[in-house]
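Enquirer: My questions will all concern the structure given below.
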Protein chains: 2
Amino acid sequence: MLVSSRDLESFCVQALLKAGLVESDARLTADVLVTTDAWGVFTHGTKNLCGYIRRLRGGGIRATAKPRIEREGPAWTIIDGEGALGTVASTFAMRAAVTKAKAAGIGYVGVHNSCHFGAAGYYAALAAHENLIGVAMSNDTPTMTAPGGSKPVLGSNPFAFAAPTGEKHPILLDMATSAVAGGKVFAAAALGKPIPENWIVDADGRPATDPKLFPDSAALLPMAGHKGYGLALLIEILSAVLTGAAVTRQVLSWSFADPSLATNHGAAFIAVDIISIMPPNVFKQRVTEMIQEIRQSPKAIGCDRIFVPGEMEWERRERALAQGIELPPDVVTSLRTLAGEMDLRPDWLRD
Amino acid sequence: MLVSSRDLESFCVQALLKAGLVESDARLTADVLVTTDAWGVFTHGTKNLCGYIRRLRGGGIRATAKPRIEREGPAWTIIDGEGALGTVASTFAMRAAVTKAKAAGIGYVGVHNSCHFGAAGYYAALAAHENLIGVAMSNDTPTMTAPGGSKPVLGSNPFAFAAPTGEKHPILLDMATSAVAGGKVFAAAALGKPIPENWIVDADGRPATDPKLFPDSAALLPMAGHKGYGLALLIEILSAVLTGAAVTRQVLSWSFADPSLATNHGAAFIAVDIISIMPPNVFKQRVTEMIQEIRQSPKAIGCDRIFVPGEMEWERRERALAQGIELPPDVVTSLRTLAGEMDLRPDWLRD
């Protein structure tokens with residue numbers, strides 16, 4: 001279904017206002033989710049609004065919560081999310097990281113008492129839009145095994161970074177530390193298709209190709225084996241161990257757990273202030289030369305283009321803003337469910 | 001060949017003194033290289049001393065260089081390595097990062113005019129031994145392709161982190177952002193064995209299984225495709241773009257390029273001061289609970305143990321310190337070559 005980003009955003013804002021958010025938080029959350037859809041990352045966009053709002057209505061996310069600085073130092077801040085939406089706590093946190101970085105050169109901000117924050121890349125890009133290098137990461141309820149294990153021990157802990165360039169858009173990498181995000185396994189299950197052998201293991205820890213086993217009788221494999229496992233541990237340490245958030249299996253599932261309970265996700269944000277360290281035009285020239293050289297390097301047989309991280313997403317977003325967003329059926333279904341539950345009837349969402 | 005770490009270290013110190021280093025730098029470098037061998041990471045240990053010393057004697061690395069703080073702010077420092085050994089510049093830099101972190105909570109230190117620094121994990125561990133979280137990374141001469149490309153555009157840029165625990169040793173991850181380190185491809189070539197399809201691509205960008213093609217007619221693939229490519233770019237930005245070091249193909253090969261030339265590697269070090277943010281005993285208890293839970297989680301069929309990152313390496317090191325280090329043949333050959341070139345004749349290295 002094709003929808004304009006304005007209509008989609010307006011629907012999100014209405015639903016969030018009905019769920020009790022103040023307008024600024026509703027608009028901010030709508031921007032996170034619609035930007036994510038516009039990037040083509042539909043697993044982390046408006047599809048999840050239905051789940052967020054169930055938890056808002058259940059009380060597990062607090063609609064009127066105001067995240068606050070709990071303690072801080074010259075280049076760091078710990079933020080109590082106060083049970084707010086992950087979008088609200090994380091935007092507040094990345095802004096705090098940018099403030100610290102502008103004063104000290106680099107800033108680390110850890111968050112506890114937050115929830116699922118959607119696409120990590122959104123927050124990294126916030127920093128890049130202000131000419132800083134931004135890093136965002138979060139823990140999550142365990143769905144991923146360690147090498148040699150058969151059961152989930154860590155979340156598919158996402159990691160994102162963004163860096164400004166001399167071009168229109170920042171470099172933007174947003175990745176799970178699992179081999180693939182859980183959403184891709186669900187998508188294969190919905191299509192009844194087998195999955196490659198290196199995505200999940202069954203309950204005995206053996207590679208499995210049946211996506212329906214996940215998540216009850218299977219766990220995601222870490223990306224690149226011990227490397228993804230190690231990076232997920234670093235993310236868990238910076239996002240949760242050091243922030244006071246729930247660690248590994250203490251984190252509740254934002255989508256499956258009792259919606260009256262706080263999930264207590266943790267997250268971490270790092271910003272590096274380029275202008276403190278190097279004249280920004282020199283930095284941008286150096287970055288631009290690097291990415292242009294990579295783009296212009298010889299292509300593999302059958303490939304006609306090398307992309308810079310985020311380039312596909314920014315191009316999709318430009319098309320989406322001009323021509324509308326083509327929502328996949330699972331997103332439309334989720335939005336229709338939400339519309340029913342919230343008694344909203346946007347024209348574009350009619351059957 | 002079995003050698004005591006003391007004998008191996010003493011040999012390294014003698015060779016480095018003969019190459020013109022002051023004793024403190026010689027001891028520091030020997031410790032980096034022998035610790036790396038003791039971890040079992042023989043591709044990055046004393047095997048490389050022969051190459052470092054050739055470059056020292058050629059003038060491309062300056063034996064008496066003293067890395068210096070070029071500019072700094074509350075939580076950041078840029079260091080001019082002054083063409084010193086990577087070990088010397090990087091140890092100086094991680095110490096500077098620890099100093100900044102103790103004052104500000106987090107510290108970023110970038111280095112230019114350095115050389116190959118060996119195992120990134122050594123520097124990350126330096127911070128962890130002082131109860132900080134340490135991160136170390138470096139760029140290198142391109143050997144790795146981007147997805148869709150056929151030629152090297154980035155180094156196999158290493159990334160390491162270490163975090164203190166309530167146990168004897170820190171968590172320690174040290175990884176290349178390529179699918180495998182180039183050394184593993186060389187090792188397969190030496191044994192005449194084919195390699196898996198996802199390690200390298202040939203000159204046309206097609207997956208190749210003949211390790212002899214590398215590096216002249218093949219490039220390493222990034223770890224986990226676009227993820228390793230993206231992480232390598234982040235490392236290049238923090239290590240080189242922002243520090244003023246050589247970027248991508250401007251970096252010379254420390255082993256193959258004319259030894260009279262400076263390679264101008266860049267590197268970056270980040271330290272996070274736990275005590276600024278959380279009582280260290282609370283942090284350590286939280287980390288220890290997490291890793292014990294992971295270790296005790298159910299094993300996959302055929303596996304009897306789940307390791308924490310670095311655990312294998314620390315156990316190997318304890319054995320090595322007690323029983324000696326079993327050097328592989330390629331390391332022995334390299335050390336014998338070096339002994340010949342430096343006119344050193346340690347008993348243990350005799351044929």
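Derivation of every value follows stated rules applied to the coordinates shown; laboratory data play no part. The structure displayed is predicted, hence computed values, not measured ones. Glycine also receives a Cβ, built like all others from the backbone with ideal geometry; neighbour counts cover every protein chain displayed.
Enquirer: Is there any pair with a first residue in the range B:135-151 that is facing chain A (nearest Cβ under 10 Å) and on the phi < 0 side of the Ramachandran plot and a second that is in a loop (DSSP other than H, G, I, E, B) and basic (Lys, Arg) whose Cβ atoms are under 7 Å apart and which are 6 or more apart or on different chains, and what are they?
Expert: Matching pairs, first to second residue: B:THR145/B:LYS151.
Enquirer: Let me ask something else. Restricting to helices (runs of 4 or more DSSP H) lying wholly in the range A:178-295: which have 1 or more residues that are acidic (Asp, Glu) and either more than 11 Å from chain B (Cβ to nearest Cβ) or under 30 Å from A:GLY81 (Cβ atoms) (or both)?
Expert: It comes to A:226-236.
Enquirer: For the range B:329-348, name all the residues that are loosely packed, with under 15 Cβ neighbours inside 10 Å and basic (Lys, Arg).
Expert: Passing the criteria: only B:ARG345.
Enquirer: Closer than 30 Å to A:VAL287 by Cα and within 12 Å of another protein chain (Cβ to nearest Cβ), is that true of A:LEU154?
Expert: When the stated conditions are applied, A:LEU154 does not pass them.
Enquirer: Something else now. Quickly run through the range A:63-82 and pick out the residues that are surrounded by fewer than 23 Cβ atoms within 10 Å (Cβ to Cβ), within 30 Å of A:GLN14 (Cα to Cα) and of a type in the set (Gly, Ala, Ser).
Expert: Of everything in the range A:63-82, those that are surrounded by fewer than 23 Cβ atoms within 10 Å (Cβ to Cβ), within 30 Å of A:GLN14 (Cα to Cα) and of a type in the set (Gly, Ala, Ser) turn out to be A:ALA63, A:ALA65.
Enquirer: Quickly run through the range A:98-127 and pick out the residues that are more than 17 Å from the chain's Cα centre (by Cα) and either surrounded by fewer than 24 Cβ atoms within 10 Å (Cβ to Cβ) or part of a helix (DSSP H, G or I) (or both).
Expert: Those that are more than 17 Å from the chain's Cα centre (by Cα) and either surrounded by fewer than 24 Cβ atoms within 10 Å (Cβ to Cβ) or part of a helix (DSSP H, G or I) (or both): A:VAL98, A:THR99, A:LYS100, A:ALA101, A:LYS102, A:ALA103, A:ALA104.
Enquirer: Quick check, is B:GLY121 within 11 Å of chain A (Cβ to nearest Cβ) and in contact with a Cys (Cβ under 7 Å, 6 or more places away or on another chain)?
Expert: Spelling it out, it is not the case that B:GLY121 is within 11 Å of chain A (Cβ to nearest Cβ) and in contact with a Cys (Cβ under 7 Å, 6 or more places away or on another chain).
Enquirer: Collect the residues in the range A:296-327 that are among the polar types (S, T, N, Q) and more than 10 Å from chain B (Cβ to nearest Cβ), keeping them in residue-number order.
Expert: A:GLN323
Enquirer: Another question, then. Could you list, in sequence order, the residues of the range B:139-151 that are over 20 Å from the mean Cα position of the chain (by Cα) and surrounded by 23 or more Cβ atoms within 10 Å (Cβ to Cβ)?
Expert: Matches in the range B:139-151: B:THR145, B:ALA146, B:GLY149.
Enquirer: Go through the range A:50-91 and count every residue that is assigned to a helix (DSSP H, G or I) and of a type outside the set (Lys, Arg).
Expert: 12
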